[in-house]
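Below: the structure, in C-alpha cells.
The values are calculated or read from the model by the stated rules, or taken from the named source; none is laboratory data. All of these numbers come straight from a predicted model, not from anything done at the bench. With ideal geometry, Cβ positions are generated from the backbone for all residues, glycine too; neighbour counts draw on all protein chains shown. The protein model used for the area step is the full one, side chains on, heavy atoms only, and it has no ligands, DNA or RNA in it. Shrake-Rupley method; radii C 1.70, N 1.55, O 1.52, S 1.80 Å.
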Amino acid sequence: QVQLVESGGGLVQPGGSLRLSCAASGSIFSRYHMDWYRQAPGKQREFVARITSGGSASYADSVKGRFTISRDNAKNTANLQMNDLKPEDTAVYYCDAWIGTTNYWGQGTQVTVSS
C-alpha cells in the first residue's frame, strides 16, 4: 500500500510558477514509477509527466519545456515544477504511484491560472 498526499497548488497569474509535491508513505517509494495527471472541469483526466523508478522523465507535449518532474527517494517525494503557467493549465493535479497494473492515487491539488 502507498498513501499519497499532494500539496503546492494555488492561484497564480499567467506566466507564473508553482511547485507541486507528492509525499508518499507506506511502502518502498523508490520502486514505484511516479506520474502526474490533471483534470480540468468537464474534461477527462490527462497525463502530464512521468518519472520512472530509474529516474527517466517524460512529458505531455502541452507542458514540455515548461514543467519539470523530479523525485527524491530519500524524502519519499515526487515534485512537479511548473513554469510559464497558462490559463489552460488550470486543473486539479493528481500524483499516481504505480508498478505494473497496481496504481495508487492522491486526492489532488487545485491549480488555477488566472489574472
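Values for this structure:
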{"item": "Alpha-carbon gyration tensor eigenvalues x 5, square-rooted, for segment 1-59, Å", "result": "23, 14, 13"}
{"item": "Residue-normalised accessible area of the chain, given per residue in Å² at a 1.4 Å probe", "result": "51 Å²"}
{"item": "Accessible surface, 1.4 Å probe, highest first, among residues Phe67, Phe47", "result": "Phe47, Phe67"}
{"item": "For a label point 7 Å along the Cα-to-beta-carbon line of Lys43, residues of segment 62-85 with backbone N under 12 Å", "result": "62-63"}
{"item": "Distant-in-sequence amide H partners of Gly10 (H built 1.01 Å from N, under 5 Å)", "result": "Val111, Thr112"}
{"item": "Whole-Hz couplings from phi, Karplus 6.51/-1.76/1.60, listed for segment 51-57; x for Gly and Pro", "result": "10, 6, 4, x, x, 7, 10"}
{"item": "For segment 33-44, Karplus couplings with θ = phi - 60° (6.51, -1.76, 1.60), whole Hz, Gly/Pro x", "result": "7, 10, 10, 10, 10, 9, 9, 8, x, x, 10, 6"}
{"item": "Sequence of Thr77, Thr101 when ordered by accessible area, the most exposed leading, probe 1.4 angstrom", "result": "Thr101, Thr77"}
{"item": "Exposed-loop-free span, longest in the chain, where trypsin sites (Lys or Arg not before Pro) count as exposed if DSSP calls them loop and at most 12 other C-beta atoms lie within 10 Å", "result": "1-42"}
{"item": "Carbon and sulfur %, accessible surface of segment 9-66 computed with the full protein complex present, 1.4 Å", "result": "46 percent"}
{"item": "Stokes-Einstein D in µm²/s, Kirkwood radius over Cα pairs - the chain at 10 °C with 1.306 mPa s viscosity", "result": "114 µm²/s"}
